[in-house]
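Chemist: Can you read through this structure? Questions will come right after.
The values are calculated or read from the model by the stated rules, or taken from the named source; none is laboratory data. Source: prediction; values computed, not measured. We place every Cβ from the backbone using ideal geometry, glycine too, and count neighbours over all the protein chains shown. Note: areas computed on protein heavy atoms with side chains; ligands, DNA, RNA excluded. Shrake-Rupley method; radii C 1.70, N 1.55, O 1.52, S 1.80 Å.
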Amino acid sequence: INPTSGSLGTRVLLQGGNFVSRLSPGLSSVEFAGIPVDEIVRFNNTTVAVRVGYSPFPQVGNVVVTNANGAFGTLLGGWTYIAPSNVTSVVPAVGTSGTRVTIN
């Protein structure tokens, strides 16, 4: 798995085996710490690229890939969600090109 941490929208590459087969031509789901990914970008038998879903708080969890036939693989503790950013204010609220802005 690369990278092993991130937040909403992070593109992650999973490498392994038997993600697809003749009998199971697709993936059913990919989850990071129990949260479904937002998008499976591409996949083949050994590689899956995904965009991570939203977690409202930082946490470490398993990565679970499930094939269409119900077979699954788990990487224990394979993902760390980073705390999402929290913007509390933008000063000034309006301005022209070149205006210095403070974001808290």
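Chemist: How high is the relative contact order of the chain? Use alpha-carbon pairs under 8 Å, at least six apart in sequence, and give a whole percent.
Modeler: Working: 225 pairs, mean separation 28.0, N = 104.
Reported as a whole number, the value is 27 percent.
Chemist: I want the antiparallel fraction of DSSP beta bridges within the chain, as a percent rounded to 5. Please report the intermediate quantities before stating the final value.
Modeler: Details: 26 of 28 bridges.
Restricted to the chain, the bridges split so that about 95 percent are antiparallel.
Chemist: Given 0.36 nm per residue, what is the gain on full extension from Ala71 to Leu13 after removing their alpha carbon distance, in nm?
Modeler: Once the chain is fully extended between Ala71 and Leu13, it gains 18.9 nm.
Chemist: How large, in percent, is the carbon and sulfur part of the accessible surface of the chain at a probe radius of 1.4 Å?
Modeler: The value for the chain is 54 percent carbon and sulfur by accessible area.
Chemist: Continuing with this model, one more query. Residue farthest toward the positive end of the dipole of the chain, with Cβ of Lys/Arg at +1 and Asp/Glu at -1: which of Gly53, Thr10, Asn67?
Modeler: The residue sitting farthest along the positive end of the dipole is Thr10.
Chemist: Keeping all protein chains in place, calculate the accessible area per residue for region 4-104 (probe 1.4 angstrom), answer in Å².
Modeler: 63
Chemist: Provide the FRET efficiency to the nearest 0.05 for the Thr88-Ser28 pair, computing r from the beta carbons and using R0 = 35 Å.
Modeler: 0.35
Chemist: Whole-Å semi-axes of region 20-92's equivalent ellipsoid, largest first, each the root of 5 times a Cα gyration tensor eigenvalue?
Modeler: 31, 14, 8
Chemist: Moving on. Looking at the chain as a GNM with Cα springs under 10 Å, which of Thr74, Thr88, Thr66 has the largest mean-square fluctuation?
Modeler: It is Thr88.
Chemist: Also, quick follow-up: Could you rank Phe57, Phe32 by how accessible they are, 1.4 Å probe, largest area first?
Modeler: Numbers: Phe57 105, Phe32 0 Å².
Heavy-atom accessible area, descending, gives Phe57, Phe32.
Chemist: Could you pull out the trypsin sites (Lys or Arg not before Pro) across region 1-57 that fall in loop regions by DSSP (anything but H, G, I, E, B) with no more than 14 other Cβ atoms inside 10 Å?
Modeler: Arg22
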